[in-house]
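Here is the structure we will look at.
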Amino acid sequence: MAKLRFGLVGGGYGAFIGQVHRMAAELDGLAELVCGAFSSDPERSQRAGVDIYKLPGPRSYPSFEAMFAGEQQLPAQQRMDFVIIATPNHMHYPIASAALDGGFHVMCDKPVTFSLSEALALQQQIQHSGLTFGLTHNYTGYAMVREARQLVRSGAIGEIRRVYCEYLQGWLAQAEHDNKQAQWRTDPNRAGVAGCFGDIGSHAENLLSFVTGLQIEELCADLTTFVDGRELDDDGNVLLRMQGGAKGTISASQIALGKENDLRLQVFGTKASLEWQQADANSLIVRYSDKPMAVHRSGWAGTSEVSVAATRLPAGHPEGYLEAFAQLYKDFCLTLLGDESAEVFPTIVDGVRGMRFIEQVVASSKAGGQWVSFVAPKEGG
């Protein structure tokens, strides 16, 4: 089977996530990088393609516009099939829109766009294009996260009453100076209306929604900016009123000194509860009221088919962040290839919901923690 071909926008000198996207996309042998535009500076972009990614000069483009135009001129068996967008948030929409106009499928880093209005416009464009759009909320690719989702869907934990999702980091506990990644994430002109909650709070919402399947109906938020001179939030808490009467809490912080990527989810039902944390990503704890707790482990017999499909190695060989990221690309690529074994991956529907979450969280906090309605996006994408 021939590999799919992809281009990368972003991921140049000093970038982190672009290389992660490339490695993840190529891990399962379904796709390979063939071209890219790696910087907003034309000379640096072309140089990065040759130096970092070892691409031939003609496929290392000065801009994403030049890449889309150049790739369209190539024979079908040579040009890229999809593009990966790994840039600051404010560039997601113009790049994605141009890619769709050019007939290319898209995999985009989160959040999907700079604003909700852009996300809604992109959703309409995707629906009319007939092309496939994916969003890298990568924590949904973990085998035990998918196991948790399956347990909820099967009714094994009963009716959900309470959900907690917490994502703590400490890397922005001090003012950013020469850190390129920190600078754009705290700049409202590039990040959008939220800092911490746009960056990692959106991941928490996506993980909670993915596992529980519940819609958020109302929310109440309290965002804080602890670091002097910073324009966007670096910490916050959100209370949730959810479908069916369930209650939830999302806590996210980037000033939790000493924390790395401390992401954890707890779901409490009428029959059982679930607990998963990224620090021990290959384990899912299930607790009951009438029998000892159980620990589901990646690679062991007895786990669900969806968990097995997201596991590459035998039990006892830990899989982590990169494999979870790669799982989204595996399912995305299998979808493009028409393979019915493809599992679920985040789409524009998740992206629109995520942008609505970000904007409503900010609105609630600005209103002094007032409860605000959360209207879920319509089906589509």
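The values are calculated or read from the model by the stated rules, or taken from the named source; none is laboratory data. Please read these numbers as outputs of a predicted model, since none were measured by experiment. Methodologically, a virtual Cβ is constructed for each residue, glycine included, from the backbone with ideal geometry; neighbour enumeration extends over all protein chains shown.
Go through the stretch 99-122 and count every residue that is under 23 Å from ASP187 (Cβ atoms) and assigned to a helix (DSSP H, G or I).
So the count comes out to 6.
I'd like the residue in the stretch 40-74 that is within 19 Å of MET91 (Cβ to Cβ) and loosely packed, with under 14 Cβ neighbours inside 10 Å and, out of all such residues, is farthest from the chain's Cα centre (by Cα).
GLU43
Here is a list of conditions, (1) within 15 Å of VAL211 (Cβ to Cβ); (2) of a type in the set (Val, Ile, Thr); (3) not assigned by TED's automatic domain parsing to the domain that holds ALA194, and VAL306 meets all of them except one; can you say which number that is?
Condition not satisfied by VAL306: (3).
How many residues does the stretch 171-181 hold that are surrounded by fewer than 16 Cβ atoms within 10 Å (Cβ to Cβ) and assigned to a loop (DSSP other than H, G, I, E, B)?
Total meeting the criteria: 5.
If I go through the stretch 243-291 residue by residue, how many of them are within 15 Å of VAL211 (Cα to Cα), in contact (Cβ under 8 Å) with a residue 40 or more places away in the chain and of a type in the set (A, V, I, L, M)?
Matching residues across the stretch 243-291 total 10.
In this structure, does VAL344 turn out to be modelled with pLDDT under 95, under 25 Å from ILE250 (Cβ atoms) and within 23 Å of the chain's Cα centre (by Cα)?
yes
So which of ALA342, ALA326 ends up being touching a helix residue (DSSP H, G or I) at 6+ places or on another chain (Cβ under 8 Å), at negative phi, buried (at least 16 other Cβ atoms within 10 Å of the Cβ) and free of Cβ contacts under 8 Å to residues at least 24 places away in the same chain?
Details: ALA326 fails: free of Cβ contacts under 8 Å to residues at least 24 places away in the same chain.
Just a single option satisfies the conditions, and that option is ALA342.
Of these, PRO314, PRO318, which one is part of a loop (DSSP other than H, G, I, E, B) and over 15 Å from VAL145 (Cα atoms)?
After applying the criteria, what remains is PRO314.
Report yes if LEU239 is out of contact with any Asp or Glu (no Cβ under 8 Å at 6 or more places or on another chain) and either assigned to a strand (DSSP E or B) or not aliphatic (A, V, I, L, M) (or both), otherwise no.
On the way: out of contact with any Asp or Glu (no Cβ under 8 Å at 6 or more places or on another chain): yes; either assigned to a strand (DSSP E or B) or not aliphatic (A, V, I, L, M) (or both): yes.
Taking the combined requirement at face value, the residue satisfies it.
The conditions are (1) touching a Gly at 6+ places or on another chain (Cβ under 6 Å); (2) touching a residue at least 40 places away in the same chain (Cβ under 8 Å), and PRO314 fails exactly one of them. Which is it?
Of the numbered conditions (1) touching a Gly at 6+ places or on another chain (Cβ under 6 Å); (2) touching a residue at least 40 places away in the same chain (Cβ under 8 Å), the odd one out for PRO314 is (2).
Considering only residues of the stretch 220-236 that are free of Cβ contacts under 8 Å to residues at least 60 places away in the same chain, assigned to a loop (DSSP other than H, G, I, E, B) and of a type outside the set (S, T, N, Q), which is nearest to SER364 (Cα to Cα)?
LEU232
Out of (1) in a helix (DSSP H, G or I); (2) touching a Ser or Thr at 6+ places or on another chain (Cβ under 7 Å), what's the single condition that is false for TRP184?
(2)
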